[in-house]
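Worksheet: the structure to be examined is printed underneath.
Any read-out appearing in this document is the output of simple, stated calculations on the displayed coordinates, not a laboratory observation. Not measured: the values here are computed from a predicted model. Cβ coordinates were reconstructed from backbone atoms using ideal geometry, including for glycine residues, and neighbour counts include every protein chain displayed.
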Amino acid sequence: MNTPLKNCLQKIRPVIKEIQAYHVADASGLIKLDAMENPYSLPADLKVELQARISMAEINRYPDPSASALREKLRQVMRVPEDKALVLGNGSDELIQMLAMAVADKDVCLMSFDPGFVMYKMIADFVGIKYVGVPLSENFSLDMERTCQAIKQYQPAIIFIAYPNNPSANCYNEKDIEEIILMAPGMVVLDEAYHPFAQTSFMSRLTEFDNLLVMRTVSKMGLAGLRLGLLCGHSDIINEIDKIRLPYNINVLTQISAEFVLDNIDVLDTQAKLIREERELLLEKMKAISGLQVFSSQANFILFRVLDKKANDVFESIKQSGVLIKNMRADVGLLKNCLRVTVGTPSENLAFVDALVKAIVND
Ligand code: PMP
């Protein structure tokens, strides 16, 4: 017999029922190197000033619906070309969702590259459009033959290119990206979430291509808790995307905090520099450990493959030692037996390397 509950569940689309919810691991009591966060907090004097600003927030009122002051600040800090527009999202995840909703229709396809950022496919599923993930080459570069063929075949409404890519941490060849932008039948979104660590960007090239959009986030810069992303591009496109944005999507505390921290951007720039330097040290240390294949990185994380042991066992052993990293959970394919670690503070990285050596050599 059908109960009211069963009836409700029957109404949920099968594609949603099949989705595995985005998993966020419990990091209580562990050194957290799983989510590409900046490990540094704000200096004490800035924290005090931020607190004072936040205490003046009018939380009984709705926020500025278009967060115009914050948008202008982001425009300056991120060097968005003058004639380009920008729209803000509650994290860049929300911007991906807005983009997908804007094109969602029968026979529409959203394209990206595999292995890549999982939310592109998840959001395509949420809004009910086809996702095509073009496999990367063995060394995680773009396979241009396959890419061109897939673009011709599927005519994607949007192509997402994470630059650098997550989880492989590399930037693709600039000429290959140009070729994709030129041949794409729709929008190409350069997702520059890890820009502070790559220091290469397509932002200034927005003026060359009307179908190019550049997406950034403040999450990896040190403000993951604020949930704020931005999408920049031709005003005709951005105006359409903006219609989908829910009113007041950037809350008042985020607007105040982000504006304040962006006025002190040198603090975050210094932290990003420290992270880039630590990344090089960590890469060196990891490469010296036998039994690992360590991939180069232009981001704030490092992908590595365990060669002679099971990645699951190594992951668990590292966790037992008190460090949480990310298990890519792949038995086959390009991520086979791979783990991913976020670059932390010098002492966190030391703890990770010790735990890794213990897992690989001693266990
Ligand atoms: N793009 C990429 C490539 C990412 O790796 C992530 C987060 N891991 C995001 C976007 C989402 O970032 P946000 O916190 O702004 O939603």
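The ranking of F202, F260 from fewest to most other beta carbons within 10 Å of each one's beta carbon is F260, F202. Arranged from fewest to most other beta-carbon atoms within 10 Å of their beta carbon, M122, M183, M56, M111 become M56, M183, M122, M111. Projecting the Cα atoms of I59, Q76, V108 onto the dipole axis of segment 54-110, where Lys and Arg carry +1 and Asp and Glu carry -1 at the beta carbon, places Q76 farthest toward the positive end. Based on the alpha-carbon gyration tensor of segment 162-237 and its eigenvalue square roots a ≥ b ≥ c, which shape applies: rounded if a/c is under 1.5, prolate if not and a/b is larger than b/c, or oblate? Taking the square roots of the gyration eigenvalues as a ≥ b ≥ c, segment 162-237 is oblate. Once both labels are positioned 7 Å from their Cα atoms along Cα-to-Cβ, the gap between V127 and K6 label points is 3.5 nm. Of the residues V252, G186, G89, the one whose Cα sits farthest towards the positive end of the charge dipole of segment 61-263 is V252 (charges of +1 on Lys and Arg Cβ, -1 on Asp and Glu Cβ, taken about the Cα centre).
Distance between the C-alpha centers of segment 149-176 and segment 23-90? Whole Å please. With segment 149-176 and segment 23-90 each reduced to a Cα centre, they are spaced 28 Å. Here the dipole of segment 207-363 is about 640 debye; that uses its Cα centre as origin and unit charges on the Cβ of Lys and Arg (positive) and Asp and Glu (negative). The dipole here belongs to segment 138-242: it is taken about the Cα centre, uses +1 on the Cβ of Lys and Arg and -1 on the Cβ of Asp and Glu, and is about 340 debye. Taking a ≥ b ≥ c as the square roots of the eigenvalues of the Cα gyration tensor, segment 1-67 is oblate, since a/c reaches 1.5 or more and a/b is not larger than b/c. Give me the lysines in straight-line cross-link reach of K106: C-alpha distance below 23 Å, same-chain residues under 8 apart excluded. Leaving aside lysines fewer than 8 places away in the same chain, those within reach of K106 are K11, K17, K121, K130, K152, K243.
Which FRET efficiency, nearest 0.05, do K47 and E82 yield, Cβ-Cβ r, R0 35 Å?
Working from the Cβ atoms, E equals 0.55.
Within the chain, the longest run free of GluC sites (Glu not before Pro) that sit in a DSSP loop with at most 13 other Cβ atoms within 10 Å is 209-363. Spread over its residues, the convex hull of the C-alpha atoms of the chain is 173 Å³ per residue.
Note on segment 61-263: Cα-only Rg and Dmax are 16.2, 53 Å. Here the spin labels are modelled as points 7 Å beyond Cα on the Cα-Cβ line, and at K309 and D269 they lie 4.2 nm apart. Cross-link pairs exceeding 24 Å in C-alpha to C-alpha distance, out of K6/K326; K336/K358; K285/K358, comprise K6/K326. Annotation: the residues I302, I318, sorted from fewest to most other C-beta atoms within 10 Å of their own C-beta, follow the order I302, I318.
What is the magnitude of the charge dipole of the chain about its Cα centre, with +1 placed on the Cβ of each Lys and Arg, -1 on the Cβ of each Asp and Glu, and no other charges, expressed in debye to the nearest 20? Walk me through the numbers on the way to the answer.
Numbers: 39 positive and 46 negative charges, 199 e Å.
It comes to approximately 960 debye.
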